[in-house]
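A.B. asks: Following this message is one structure expressed as structure tokens.
Nothing in this text is a laboratory measurement; each read-out follows from the coordinates by a stated rule. Being a predicted model, the structure only gives us computed values, none of them experimental. Every residue, glycine among them, receives a Cβ derived from its backbone with ideal geometry; neighbour counts consider all protein chains shown.
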Amino acid sequence: AHAHAAKTTKTKTTTKTTTTRANDDDGGSAEEAACSLTRAGKTDADDDVASAANSPKKEQKEASSSERERDLSVSKKSSRRFATDFAATYAAYGFVYSCRRALAVAKEPLAATTDTAALSGLDSVLLVSYVLMQFAVAHYGDAITRRVQEPAHVVASAVVAAGVATYLTGVAAPFGAAAMAVPWALNGVAQALVYPYVCVVLAAQVPAAKRGRVMGSWNTCTATGGVIGAAVSAAALKRRGYRGAFDAPALCTVVFGIALFAVLGTKEGRREKPLLREERRPSAAAAAGPRSDDDNDENHHDDNNNNNNGATAATAAANANG
């Protein structure tokens, strides 16, 4: 009996020890599961944070790429528009300036019927009217632009008017210098309108750092127009007399002035400047500006929420296993 009792006690002790170890193993497994879930939660939270951090960078990169493509397209289009306007206005002012040479070429045949001193005074008539109109444009040019709404149309109209005035000067030549003075003065007024509004048309498309170089190149049209105008008037003088000296440059100027209405671009087409190195467009990331403190606080709050969510999930799993 004593031996049987000892054996029974030993069996109970072994069973209790086995149960305790099993419980310890279950507790360890639950703790390991909880730790594993916690690490998984933290890993997911870290992945979410990394994804949230990389997403704006990716969006900014895509926006910057699309912005560069759009800038390149605008740059090519506006550069072609500028090249066309530059060539058109260069030729237009050259034709206008050629009209000034008509009187100088026709003076010799006109001297046979008109007083030489009076013919010399016609040069002053054109220059005085030109100067006075330049002063008027300096003061009232903006008001004219607001009323007309399109500077290119002022240029084209002034070129046509200069050609018509030159033609009328040749028509009035048989009536003496006094009759020639009126259309010749109108010629000076029309020519005074061309240069300022050409500057408006071109300056709208050129950055400030490049305007001096561009307008310096454009101003060579006065010499070019003078040479071509003298040659054209001299050739016409041999064929048709002094009337030909006026009619030839006048006809060329009127025809080209009419073409300017279609050739010169509109104000909307000149709204975009060519993208030169001085005026690069800011990227979308730069345009968005630096991130504010509120955005940083919000991201930090989101990170805390992600971490808390991971820990809560781990705790719930541990409770379930327990």
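A.B. asks: What relative contact order, as a whole-number percentage, does the range 133-253 give when Cα pairs under 8 Å and 6 or more residues apart are counted?
C.D. replies: Once normalised by length, the contact order is 33 percent.
A.B. asks: Using packing as a proxy for protection, rank 239-246, 96-103 so that the peptide with the highest average count of other Cβ atoms within 10 Å comes first.
C.D. replies: In decreasing order of mean packing, 239-246, 96-103 become 96-103, 239-246.
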